[in-house]
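Q: Take a look at the following structure, please.
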Amino acid sequence: MDIRKLHYFIAVAEELHFHRAAERLNMTQPPLSQQIQNLEEELGVKLLERTKKMVRLTPAGAVFLDQARLILAQLERSIYLTQKVDQGIVGHITVAFVDSASGSMMVDMLRRFRAAYPQIEITLREMTSSEQLQALQDGQIHIGFLRYQEHTPNVSFRIFQEETLMVVVPDDHPLAEQIQVSITDLAEEDFILFPSHLGSPFHRLVREYCREHGVEPRITQEAIQMYTIVNLVAAGMGVSIVPSSVEVFQRRGVVFLPLIEKPPSVPLYMAWRTDMNQGVVTRFIHMDKSD
């Protein structure tokens, strides 16, 4: 059905006068009458009672008037939402992050994004870096905050934040009283580290840093989440080397210490799909560059 016929019918139904309705629609009366007749024929229903003196709605016409108004209102809303989605103002986005990123400037970015675009729904998922890479590849998430990058079709990367490494020890450890520690102070310690098979670049970064300074870390425990690593340190299971952003956890029972030997930079990458939900994704990835 031609949507214009709904506009024609509504005008006639509201004016209950073909001439006034035609003037309102900036058309002449004969083609308007023909359009209403065609509409009734399409529906197989008489919508208007016509005499020389009056025009009035039939019961079926009254129902159709209500429905026609609803159809046009829904159409207008659909057009509005479609345009806003294309502009990246309305929509949905799924953002994944490693747990150590939850204390970084990512949190501020999310807060500002929600304030700027309240009509965009955000779903957050905590995932390891390797899980995020797979989810990006599978199209399950739009944005990821992860610890390493690798070539993935239809996915772009950029460094979101540069961090350093810190040592975390139990608060009753002899090193806890120091202002900073040397990596050689940890030579005989039990280490708790992120598993190599789930985050090999970060795991390798820590091991290589230790080896550069003559220390072979004795890894006795592995944990997937940084918060779990901090909890295990608090339980006296060992010490660890973690990204500096992990310090924001402020877990009682542990002390975070800077390293004397200059540690390597630890990047936090932002990754995004380049072929999905582009309006919203573009708004999001540029939020960290906005004032």
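The values are calculated or read from the model by the stated rules, or taken from the named source; none is laboratory data. Predicted, not measured: the structure shown is a model, and the values here were computed from it. All Cβ positions, even for glycine, are placed from backbone atoms using ideal geometry, and neighbour counts span all protein chains on display. Just the protein is used for accessible areas: all its heavy atoms, side chains included, with ligands, DNA and RNA removed. Shrake-Rupley method; radii C 1.70, N 1.55, O 1.52, S 1.80 Å.
Q: Given a Förster distance of 35 Å, report the FRET efficiency between Asp108 and Ala187 from their Cβ-Cβ distance, rounded to the nearest 0.05. Please list the in-between numbers first.
A: Working: r = 38 Å, r/R0 = 1.09.
It comes to 0.35.
Q: With point charges of +1 on the Cβ of Lys and Arg and -1 on the Cβ of Asp and Glu, referenced to the Cα centre of the chain, which listed residue (Val230, Thr128, Tyr8) lies farthest in the positive direction of the dipole?
A: Comparing the listed Cα positions along the dipole, Tyr8 ranks first.
Q: Expressed in whole Å with the largest first, what are the equivalent ellipsoid semi-axes of the range 1-51 derived from the C-alpha gyration tensor as the square root of 5 times each eigenvalue?
A: Details: eigenvalues 52, 30, 17 Å².
Listed largest to smallest, the semi-axes of the range 1-51 are 16, 12, 9 Å.
Q: Another one. Dividing the Cα convex hull volume of the range 25-101 by residue count, how many Å³ per residue is that?
A: With only Cα atoms used, the range 25-101 gives 164 Å³ per residue.
Q: Moving to a separate point now. Evaluate the distance, in nm, between pseudo-label points positioned 7 Å from the Cα of Ser265 and of Gln29 along their respective Cα→Cβ axes.
A: For Ser265 paired with Gln29, the spin-label model returns 7.9 nm.
Q: Can you tell me what percent of all Cα-Cα pairs in the chain are more than 32 Å apart? Can you show the working numbers first?
A: Working: 21495 of 42195 pairs.
Considering the chain, 51 percent of its Cα-Cα pairs are separated by more than 32 Å.
Q: Something else about it: In the chain, if the dipole is taken from +1 on Lys/Arg beta carbons and -1 on Asp/Glu beta carbons about the Cα centre, which of Leu193, Val167, Leu72 is farthest to the positive end?
A: Among Leu193, Val167, Leu72, the one farthest towards the positive end of the dipole of the chain is Leu72.
Q: Can you give me the % of accessible surface on the range 1-156 that is carbon or sulfur? Probe 1.4 Å, all protein chains present, nothing else counted. Present the calculation step by step, with values, prior to reporting the outcome.
A: Working: 4440 of 8720 Å².
C and S atoms contribute 51 percent here.
Q: Can you give the helix-only mean residue ellipticity at 222 nm for the chain, where every DSSP H stretch with n ≥ 4 adds -39500 (n - 2.57) and the sum goes over all residues, rounded to the nearest 500 deg cm²/dmol? The partial results should precede the final answer.
A: Details: 9 runs with 116 residues, N = 291.
My calculation for the chain gives -12500 deg cm²/dmol from helical runs alone.
Q: Still on this structure: Which log10 I(q)/I(0) values does the range 118-222 give at q = 0.12, 0.20, 0.21, 0.24 Å⁻¹ under the Debye formula, counting every alpha carbon as one identical point scatterer?
A: Debye curve over Cα of the range 118-222, log10 I(q)/I(0) at q = 0.12, 0.20, 0.21, 0.24 Å⁻¹: -0.57, -1.09, -1.15, -1.35.
Q: Accessible area per residue of the range 71-215 at 1.4 Å probe, in Å²?
A: Working: 7190 Å² over 145 residues.
Heavy-atom SASA per residue in the range 71-215 reads 50 Å².
Q: While we're on this one: Starting from the Kirkwood radius over alpha-carbon pairs of the range 153-274, derive D by Stokes-Einstein at 25 °C in a medium of 0.890 mPa s and give it in µm² s⁻¹. Spell out each step's value before the answer.
A: On the way: Rh = 14.9 Å.
Answer, rounded: 165 µm²/s.
Q: Setting aside same-chain residues fewer than 8 positions from Lys84, which aspartates and glutamates have a Cα under 19 Å from its Cα?
A: Glu76, Glu121, Asp275
Q: Which value in Å is the Kirkwood Rh of the range 135-196 over different Cα pairs?
A: About 15.6 Å for the range 135-196.
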